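Step one of this worksheet: look at the structure below.
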Amino acid sequence: MDKSNSIVKFIVSGFLLLTIPFSSFSGPVYSGDAQDSSPGIYGVVLDAVTLEPIIGASVVIDGTYLGTATDVEGRFSFTNLQPGPYRLYIRMLTYKEFFSDELVLREGQRVELEAMLTEEVSTLDNIVVVAHMPIGTDAGLLNRMRASNVVASGVSAQQITRTQDKDASEVVKRIPGISIIDDKFVIVRGLNQRYNNTWINGSPAPSSDADSRAFSFDIIPSSQIENIMVVKTPAAEYPADYSGGL
């Protein structure tokens, strides 16, 4: 019984262009006493290439919890600040994190800052896409059996939900060539259970009988099964200690 997922990997070689932050900026501009606005720190954040305003950039005063975001014109402001030195930390997706020079705010004055952010292009060697093939559905199990180089039969979780089977012993007997004895042991093509080999999730299952090699399928609830597949012919990828089925 195999519950492992089949993984199909597609490797796409080439180049992927991503925008990763990089910035340049101009220094602060000091103005005289403000007559039409409150004293504080004012600024604008622009794209260095297009000179378009960058909307929604995060602007934080370094060392504090004071922060704001740029508006539709790329502008921001901090008012009601005490006189003293300040540094601004500006962050925006696809741009490099930016720290301003020290801005000295004096009593009754305003400081203006223009930050020019520049995008940086990075090239990747390759990208790997991983896809998982569902094997709990009828279609997924059929595709797996078609791709196999051995004779195999199986039943999927999708088919189990359409039955009243309560455990794995009732499920597995629906597979052609399988019969059940004592309501728990599997016989494949008429061969005793000791000639079979049971695996769960890619690992061998221990025998549930102290006197012989046999696995009790009635201990596994049907609701926990994603699929059951019975391999009836040997192959290099499977162990060689069975002659009935795996």
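Summary table below
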| quantity | calculated |
| --- | --- |
| When residues of segment 89-123 are limited to those that are within 20 Å of Asp47 (Cβ to Cβ) and out of contact with any strand residue (DSSP E or B) (no Cβ under 6 Å at 6 or more places or on another chain), the one surrounded by the fewest Cβ atoms within 10 Å (Cβ to Cβ) | Leu93 |
| Residue that is modelled with the highest pLDDT, among those in segment 30-59 that are over 17 Å from Phe98 (Cβ atoms) and not in a loop (DSSP other than H, G, I, E, B) | Gly40 |
| Counted residues, segment 85-96 - those being touching a Pro at 6+ places or on another chain (Cβ under 9 Å) and over 13 Å from Glu119 (Cβ atoms) | 1 |
| Segment 129-153 residues that are under 18 Å from Glu226 (Cα atoms) and touching a residue at least 12 places away in the same chain (Cβ under 8 Å), paired with ones that are of a type in the set (D, E, K, R) and not in a strand (DSSP E or B) (beta carbon under 6 Å, 6 or more apart) | Ile135/Arg144; Gly136/Glu226 |
| Per-region count, segment 57-81, residues over 12 Å from Tyr42 (Cα atoms) and free of Cβ contacts under 8 Å to residues at least 12 places away in the same chain | 3 |
| Lone qualifier among Arg144, Arg162 - being open to solvent by 70 Å² or more (accessible area, probe 1.4 Å) and of a type in the set (D, E, K, R) | Arg162 |
| Residue, most open to solvent (accessible area, probe 1.4 Å), within segment 187-224, restricted to residues that are more than 40 Å from the chain's Cα centre (by Cα) and under 26 Å from Thr163 (Cα atoms) | Arg189 |
| Of all residues making up segment 205-230, the number that are touching an Asp or Glu at 6+ places or on another chain (Cβ under 9 Å) and assigned to a strand (DSSP E or B) | 4 |
| Residue ranges of helices (runs of 4 or more DSSP H) in segment 126-196 with at least 1 members hydrophobic (A, V, I, L, M, F, W, C), touching a helix residue (DSSP H, G or I) at 6+ places or on another chain (Cβ under 7 Å) and on the phi < 0 side of the Ramachandran plot | 157-160, 168-172 |
| Checklist (1) open to solvent by 30 Å² or more (accessible area, probe 1.4 Å); (2) modelled with pLDDT under 80; (3) under 25 Å from Pro134 (Cα atoms); (4) touching a Gly at 6+ places or on another chain (Cβ under 8 Å) applied to Glu237, failing item | (4) |
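The values are calculated or read from the model by the stated rules, or taken from the named source; none is laboratory data. Please read all numbers here as calculations on a predicted model, not as lab measurements. Positions of Cβ are backbone-derived with ideal geometry, glycine not excepted, and every protein chain shown enters the neighbour counts. The protein model used for the area step is the full one, side chains on, heavy atoms only, and it has no ligands, DNA or RNA in it. Shrake-Rupley method; radii C 1.70, N 1.55, O 1.52, S 1.80 Å.
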